[in-house]
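Beneath this line is the structure, given in structure tokens, with notes to follow.
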Amino acid sequence: MNLFNVIDEIQQVDPEFQDRMSPRRDAIKNITSFGSKVAVAALPFAFSTLFKRAYGQTTSSVNDVLNFALTLEYLEAYFYNQGLAQANLIPAADKGYFTTVAGHENAHVAFLKSVLGSAAVTSPSFDLTAKGTFADVLTNYNTYLAVAETFEDTGVRAYKGQAGNLLGNQVVLTAALQIHAVEARHASAIRYLRASKGVNIKPWISGSATVSNDTGIAAVNASYAGENNVMQGGVDITTLNAVSGKTTITAAIEAFDEPLDKASVLAIVSPFIKS
Amino acid sequence: MKTLTQELQNEGMARRQFLRYAGTGAAVMAGVLTMASCSKDHAASVVNDHVDLGSGDIAILNYAYALEQLEAAFYTQVAATPYSNQSTYEKALLTDIRDHEVAHREFFKAALGGNAIPGLTPNFSSINFSDRTSVLGAAKAFEDLGVSAYNGAGYMIKDVNYLALAGKIVSVEARHASLIRNLIAPGSFADSTVIDANGLDGAKSPQQVVPIANTYLSGKKILAPALGIY
């Protein structure tokens, strides 16, 4: 690792890097003088310390987030690659949708692996039936669509739940947000596809005061827990003005997607992980 | 040397102290107004010929508020004057999107309180609201722009709660973008014109987004000297 190049590269994308490093810009103006005081062997440690000072994060905590994301992307990529490989699963007319989605999930795997380098976790092996809960997932298109929808909606929630751990980190947070938005586009598209097959579902997660899972599939309740929240930043969205009257509870639920913490996501995906 | 973490902790402490002394006054609406106590974040204001978004997190929230104002006004018009041959299904979806955008707008207005920029005056003269292609084309442009604006400004947010709220909204905008694109051309929900080879959606800086947003405003334009937008 060449520390000097790394600092240069960070400054390319984060002009405020020096300010992050120190409230007194001059204190670290000349990185060379800093470097000369640090033994070469200690550079990785020094870099880690700088990173923590700059962003309030350790490289290991950032890696944890990225490896968590990578594990989910491995699952999604495997799911779509397997689906596309089944001869009689996805109708020809819908293949384009899944080719696009699979392409992104494979790209996410490659991207995250390249960012993590040697720190990247290897892929677990998967059981797409989730221990039999979705026994016909690779033979029944309706089941496949339903699982796809859940994966995408859960993926959106998982990335959203990690954003706070990347606060202020221009490079990694921005990339995570960029993947997050792609997963949301997928979720919307899969839902749109399901709606075209006659399923009563919208491109956005809907619900009511008592229903947080709008898919009608009880087995995936955990993926939608808390999605019917209407309180945002201390504001009850249903008290806000709409075009006529106040915002409906349905609109209040649909207008905001909710995060899921890591433990909840791992509990949801663990039945899909064989080893 | 004080670390950023320490700075944030101190800042949080200052806010909590402010809250304690401010008591339950009306100014402390829902806790979201605490930024008002922070001397680094100047409130938005109307300056001569433009609307200043302010600085710090206030500027980022006002930036989002400005974009949501545009989107809400656009879909309100779309719903009020449906384009020719609009299907019942499309009408329902576009009305849903209108309601989401209005909720976003009203949320930011409430959250920003006294720091909110005033209502902006949109100029949609370039859009033919009776023509499906024109309306959906504009909707696609707004949604893709909105997603990339949130993606590009996320790292600038200093308060973790604001970042969480922005995250809750941006995925809904991405869902809209996906749907609008599928209405225009099935399967184009995330094509290569908007997603790069790494599978990443767009990210645009405020400097890139504000000039585009300003083309849809009549009267005062939005500017943010604190974000380098003059």
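The values are calculated or read from the model by the stated rules, or taken from the named source; none is laboratory data. These numbers come from a predicted model, not from an experiment. Quick reminder, even Gly has a Cβ in these numbers, built from the backbone with ideal geometry, and neighbours come from all protein chains shown. Ligands, DNA and RNA are stripped out before the accessible areas are found, and what is left, the full protein with its side chains, is counted by its heavy atoms. Shrake-Rupley method; radii C 1.70, N 1.55, O 1.52, S 1.80 Å.
It is to be established whether one or more residues within region A:181-188 are out of contact with any Pro (no Cβ under 6 Å at 6 or more places or on another chain), in a helix (DSSP H, G or I) and among the β-branched types (Val, Ile, Thr). Yes, that holds for at least one residue. Against the conditions (1) surrounded by fewer than 23 Cβ atoms within 10 Å (Cβ to Cβ); (2) within 22 Å of A:Ala92 (Cα to Cα); (3) touching a Leu at 6+ places or on another chain (Cβ under 7 Å), A:Tyr144 satisfies every one except (1).
When restricted to residues that are in contact (Cβ under 8 Å) with a residue 12 or more places away in the chain and surrounded by 24 or more Cβ atoms within 10 Å (Cβ to Cβ), region A:176-210 contains 16.
Scanning region B:182-219 for residues that are open to solvent by less than 10 Å² (accessible area, probe 1.4 Å) and in a helix (DSSP H, G or I) yields B:Asn182, B:Pro206, B:Val209, B:Val210, B:Ala213. Restricting attention to region B:165-181, the residues that are more than 7 Å from every other protein chain (Cβ to nearest Cβ), surrounded by 24 or more Cβ atoms within 10 Å (Cβ to Cβ) and not acidic (Asp, Glu) total 3. Check region B:216-223 and report whether any residue there is touching a Gly at 6+ places or on another chain (Cβ under 8 Å) and either more than 10 Å from chain A (Cβ to nearest Cβ) or basic (Lys, Arg) (or both). No: region B:216-223 contains no residue that is touching a Gly at 6+ places or on another chain (Cβ under 8 Å) and either more than 10 Å from chain A (Cβ to nearest Cβ) or basic (Lys, Arg) (or both).
Residues that are surrounded by fewer than 20 Cβ atoms within 10 Å (Cβ to Cβ) and either modelled with pLDDT under 65 or on the phi > 0 side of the Ramachandran plot (or both) within region A:52-85 comprise A:Lys52, A:Arg53, A:Gly56, listed in sequence order.
Selection within region A:227-251: residues that are under 17 Å from A:Arg157 (Cα atoms) and open to solvent by less than 40 Å² (accessible area, probe 1.4 Å). The member of this set that is farthest from the other protein chains (Cβ to nearest Cβ) is A:Asn228. Quick one: what pairs do we get from region B:153-175, first residue farther than 23 Å from B:Ala226 by Cβ, second in a loop (DSSP other than H, G, I, E, B) and charged (D, E, K, R), C-beta under 6 Å, 6+ apart or different chains? Once the first residue is farther than 23 Å from B:Ala226 by Cβ and sits in region B:153-175, its partners that are in a loop (DSSP other than H, G, I, E, B) and charged (D, E, K, R) give B:Lys168/A:Asp257; B:Ser171/A:Asp257; B:Val172/A:Asp257. For region A:232-262, filtering for residues that are more than 14 Å from the chain's Cα centre (by Cα) and under 30 Å from A:Val137 (Cα atoms) leaves 3.
Scanning region B:112-120 for residues that are crowded, with 20+ Cβ neighbours inside 10 Å, out of contact with any Ser or Thr (no Cβ under 6 Å at 6 or more places or on another chain) and among the polar types (S, T, N, Q) turns up at least one hit.
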